């Protein structure tokens, strides 16, 4: 099953993606994790993206799209995947649609995470920065990322609603278990239709 998670930073996408991955046996693919892994390994890609992430900016499409294409081409994605943090804009969504079409696949369900209280997102991100020692989660960067999400990524929910129809809104301001229960019920419905 090919699953896409959309939502602002701090809405719990990564946490839920890990739970979906473990429960359904599909890899969790996170653009942010791929970037941080490259930075930790000191690769050329890592050196390119580190200052971009530190500034709270989006990594350019010409870097991100080939990175995701490469990751999706690995054999472990054959039974499906859960994609988190990509696409982040319409150009990336079009590139994802195209790369999946090239291999005869499609996104089967999109979950859009909503957290109505922006302050709750900010608090979650501050907590994550402290717990994970994330130097890229400064207060200024957090605000910039949330603004970028609203401007560039939030419209993708409507893009996928028009294109696929199978978009499920998730109230992500609840407990991890309550959110996962709602996701599991939606995934069961998709499996039942398959």
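The values are calculated or read from the model by the stated rules, or taken from the named source; none is laboratory data. Computed from a prediction, not measured in an experiment: that's the story for all the values here. Every residue, glycine as well, gets a Cβ built from its backbone with ideal geometry; the counts of neighbours run over all protein chains shown.
Based on this model, can you work out whether residue 52 counts as crowded, with 19+ Cβ neighbours inside 10 Å and within 26 Å of residue 131 (Cα to Cα)? For residue 52, the condition - crowded, with 19+ Cβ neighbours inside 10 Å and within 26 Å of residue 131 (Cα to Cα) - is not met.
Checked against (1) within 26 Å of residue 107 (Cβ to Cβ); (2) loosely packed, with under 14 Cβ neighbours inside 10 Å; (3) touching a helix residue (DSSP H, G or I) at 6+ places or on another chain (Cβ under 8 Å), residue 187 passes all but a single condition, namely (2). Looking across 179, 190, one residue alone is over 19 Å from residue 54 (Cα atoms), in contact with a strand residue (DSSP E or B) (Cβ under 9 Å, 6 or more places away or on another chain), part of a helix (DSSP H, G or I) and at pLDDT below 90. It is 190. Does residue 137 fit the bill of being more than 18 Å from the chain's Cα centre (by Cα) and closer than 16 Å to residue 12 by Cβ? Considered against the rule, which asks whether it is more than 18 Å from the chain's Cα centre (by Cα) and closer than 16 Å to residue 12 by Cβ, residue 137 comes out as no. In the condition set (1) surrounded by 15 or more Cβ atoms within 10 Å (Cβ to Cβ); (2) free of Cβ contacts under 8 Å to residues at least 60 places away in the same chain, residue 87 is compliant with all but (2). Within the option set 29, 68, 107, 20, being in contact with a strand residue (DSSP E or B) (Cβ under 8 Å, 6 or more places away or on another chain), buried (at least 19 other Cβ atoms within 10 Å of the Cβ) and without any contact (Cβ under 8 Å) to a residue 40 or more places away in the chain holds for one residue only, 68.
For the criterion of being touching a strand residue (DSSP E or B) at 6+ places or on another chain (Cβ under 6 Å) and either farther than 30 Å from residue 39 by Cα or not in a helix (DSSP H, G or I) (or both), residue 165 fails.
Residue count for the stretch 1-26 satisfying the condition of being assigned to a strand (DSSP E or B) and closer than 25 Å to residue 130 by Cβ: 1.
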